[in-house]
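Reviewing the structure listed below.
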Amino acid sequence: VQLVESGGGLVQPGGSLRLSCEASGFTLDYYSIGWFRQAPGKEREGISCISGVDGSTYYRDSVKGRFTISRDNTKGTVYLEMNSLKPEDTTVYYCAADYISSAQALCVMTPYYWGKGTLVTVAS
């Protein structure tokens, strides 16, 4: 099982980025996948997750209305569209997955499978 993130980079406040998480070694249909981040001095948080069973989604309040998660099971890829980015969104973003049907449950637990992360920097 492998998760590989891409799409991070430097963006100005108010800008947008799209992160991608390419999964291999397992079938997305039975796994929920999500995006997690941990800013310096803060606890790790699951910010957005999507169910592999029914496509339902979960968003943490801090990103609700700005970020959109989606998945393409044919490509084995999950995306995170990030708009209206703020300096406080700066950190490494990790993709994680587990054999669980609930998106919300995934976002509040410690998933089993993790990618290595991609850095997002929001600065002018």
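Things worth noting here:
- Whole-Hz Karplus values for the stretch 51-66 come out as 7, x, 7, 10, x, 5, 10, 9, 10, 6, 4, 5, 10, 4, x, 10 Hz, taken residue by residue from phi with 6.51 cos²θ - 1.76 cosθ + 1.60 and θ = phi - 60°; glycine and proline positions read x.
- Accessible surface of the chain, 1.4 Å probe, proportion on carbon and sulfur as whole %: 46 percent
- At 1.306 mPa s and 10 °C, Stokes D of the stretch 72-124 from Kirkwood alpha-carbon radius, µm² per second: 121 µm²/s
- Converting phi to 3J(HN,Hα) with the Karplus coefficients 6.51, -1.76 and 1.60 and the offset θ = phi - 60°, the stretch 23-35 yields 9, 9, x, 7, 8, 4, 4, 9, 10, 8, 10, x, 10 Hz in sequence order, with x at every glycine or proline.
- Relative packing of 31-39, 47-55, 15-23, 84-92, which averages over residues the other C-beta atoms within 10 Å, highest first: 31-39, 47-55, 15-23, 84-92
- Rounded to whole Hz, the Karplus (6.51, -1.76, 1.60) HN-Hα couplings of the stretch 6-11, x for glycine and proline: 7, x, x, x, 9, 9
- Around LEU119: net Lys/Arg minus Asp/Glu count, Cβ-Cβ under 13 Å: 0
- Distant-in-sequence amide H partners of GLY117 (H built 1.01 Å from N, under 5 Å): GLU5, CYS95
- Cα Rg, Dmax (largest Cα-Cα span) when computed across the chain, Å: 13.2, 41
- Counting only residues at least eight positions apart within a chain, or on another chain, the lysines with an alpha carbon under 24 Å from that of LYS86 are LYS42, LYS64, LYS116.
- Its relative contact order, with pairs defined as Cα atoms under 8 Å and 6+ residues apart, puts the chain at 37 percent.
The values are calculated or read from the model by the stated rules, or taken from the named source; none is laboratory data. This is a predicted model, so every value here is computed, not measured. Counting neighbours? That spans all protein chains shown, and the Cβs are built from the backbone with ideal geometry, glycine included. Each accessible area value is taken on the protein alone, full model and side chains, heavy atoms only, with ligands, DNA and RNA left out. Shrake-Rupley method; radii C 1.70, N 1.55, O 1.52, S 1.80 Å.
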